[in-house]
Amino acid sequence: MSGDLVSVIMPVYNAAAWLRRAVDSVLAQSHANVELVAVDDGSQDDSLAILETYAHADTRVRLQRQPINGGVASARNAGIAAARGDFIAFLDADDWWHPAKLERQLAGMRESGALISHAAYWRVAEDGRVLGQVTPPARVDWRDMLASNFIGNLTGMYARSLGDVPFRCIGHEDYVFWLEQVRRAGVAVRVESAEPLAWYLVRERSLSANKLRAAAWQWTIYREVEKLGMVRSVVCMFRYAWHALAKRTGVRPRG
């Protein structure tokens, strides 16, 4: 897999404050055969100009434009449609990667034969404080994923041979995407690494910071997307709440 092309999908909307750090972390990967498909989603700040500068300087940066803001799901779908890689990975414009992230993921997928991989990552506050480390289980299947989205989208990668699925315009669109991909693949494996391979910026004003809204989204996913019965949905909601708490406190849940 060392020669395989990895397409990195990056939706960008008014992200000028963090964008250079994210782009630089992709271009600095030890696995050099990478293309960054950056989708400017109608930004009104300097994001587009920053991306144009990178695209002119490095042919690995491919810029896609959506003049009207269509949302993160729409931007990721546009990026996937434009991608030419053998593998697809995702990075939002305010997060960033360890330089060996892709190299270690590809090696792990080669050894395990898995079509999906993911990794541990740090949660970081806007002022730079490290809030905690998120370490997912070594292997998860679809039933495991019903308890929580164990695949941090900034660490997830899948082999294109699995097939692409669209992101849906729904709350927790990352979770719905990885639920379907894990269902199709059978299992996702965690990259073995002595250290987390990404940094997730926790922005308190983000939609995901609203816990009640996030819980409502989760219930909708169980009932309307996954078509679970009432009793199973309630059980899954309790597991979801426990894992959400554990993710923020560093406690390792057992079930």
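Here are the numbers for the structure shown:
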| item | result |
| --- | --- |
| FRET efficiency estimate (nearest 0.05) - Cβ-Cβ, Ser112 to Ala241, R0 30 angstrom | 0.45 |
| Region 11-56, dipole about Cα centre (Lys/Arg Cβ +1, Asp/Glu Cβ -1), debye to the nearest 20 | 180 debye |
| Under-5 Å amide H pairs with Val8, H placed in peptide plane, nonlocal only | Glu35, Leu36, Val37, Ala89 |
| Cβ-derived FRET efficiency at R0 51 Å, Ala28 paired with Leu228, nearest 0.05 | 0.75 |
| Kyte-Doolittle at least 0.0, axis length at least 24 Å by Cα - qualifying DSSP helices, the chain | 230-249 |
| Listed residues Tyr175, Tyr121, Tyr54, most fluctuating in the chain (Gaussian network, C-alpha, under 10 Å) | Tyr54 |
| Charge dipole magnitude, Cβ of K and R +1, D and E -1 - region 112-216, Cα centre, debye nearest 20 | 220 debye |
| Alpha carbon centroid spacing (whole Å) that separates region 4-70 from region 218-237 | 36 Å |
| Label-to-label distance, nm, for residues given as Thr220 and Asp127 (7 Å Cα→Cβ offset) | 3.4 nm |
| Where only C-alpha atoms are counted, convex hull volume of the chain per residue in Å³ | 120 Å³ |
| Choice from Gly171, Gly128, Gly70 showing the highest fluctuation, given a GNM over the chain with Cα pairs closer than 10 Å | Gly128 |
| Helix-only [θ]222 nm of the chain, DSSP H runs n ≥ 4, -39500 (n - 2.57) each, per residue, nearest 500 | -11000 deg cm²/dmol |
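Taken together, the values in this text are just the output of simple stated rules run on the coordinates, not laboratory data. These numbers come from a predicted model, not from an experiment. Virtual Cβ from ideal backbone geometry, glycine too; neighbours counted across all protein chains shown.
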